[in-house]
């Protein structure tokens, strides 16, 4: 296996070259998964999902949402108001159905609520930067709000999670948790039917920037240490990074082929940097 090291990443960035991107999927038709940057090429199996960690107690994360298309899980999200789910913009805008109150997404659990999306609110700069080919800026606004066609029924299985009240960033060395229904092992194609969660440790902006170079914006991003047994991958994108019981980050990208390669931190948007935009969008639809 040949790796592109952080030194070579720096060389590519300084030379003006861009790293090719890969949108992978949990099924052949998926348009929503973790945004993957090709830093190296490997002949092994496609990877995705929570690596390591453990199955959570059923319905102990009642804010979690599975975003599905034709019954297949595509990515994660979380309920921030009874009529709004927050997720990643690269989730796409095609026929997403929001599944709330689930633990096993392959079972027809009586407590599950399936709600169609009325409107997709991508960050206004996402398509602007995407059309301009400004990939570095696209990652920095990879956030989307989903307005539901009907309000979620709040109960012990479905609850709203409260966003941070003020701007700021969770500091390095803090341990946080991230959950998802993605694949659990690098060499397996099947995604997890039940919700898994793993613990990760936040890194400093300097550590994140040293690896990801211009693709990491400290003004609106944070990253966590990747280990062989603790990370997120495809299928978990759009899910919340929970720090001190609050959603501090939104999972957006990691490395391709070996998402549990310790050289490459997992990257999240800092949710508090987008509070004004979130409030503005939801205020317009009250």
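Any read-out appearing in this document is the output of simple, stated calculations on the displayed coordinates, not a laboratory observation. Everything quoted here is computed from the prediction, not taken from an experiment. Cβ: placed from backbone, ideal geometry, glycine included. Neighbour counts: every protein chain shown.
Listing for the model above:
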{"item": "Sorted by Cβ density within 10 Å, fewest first, the residues 275, 148, 67", "result": "275, 148, 67"}
{"item": "Cα-Cα P(r), segment 223-286, percent of pairs per 10 Å interval", "result": "22, 42, 25, 10, 2"}
{"item": "Residue order, fewest to most surrounding Cβ atoms within 10 angstrom, among 246, 175", "result": "175, 246"}
{"item": "Residues 120, 268, 215, 139 arranged by fewest to most Cβ contacts within 10 Å", "result": "120, 215, 139, 268"}
{"item": "Normalised alpha carbon radius of gyration of segment 152-286 [divisor 2.2 N^0.38 Å]", "result": "1.09"}
{"item": "Alpha-carbon radius of gyration plus Dmax, which is the widest Cα pair, for segment 79-205 in Å", "result": "16.7, 45"}
{"item": "Ellipsoid semi-axes in whole angstrom, largest first, where each is sqrt(5λ) of the Cα gyration tensor of segment 55-148", "result": "27, 13, 12"}
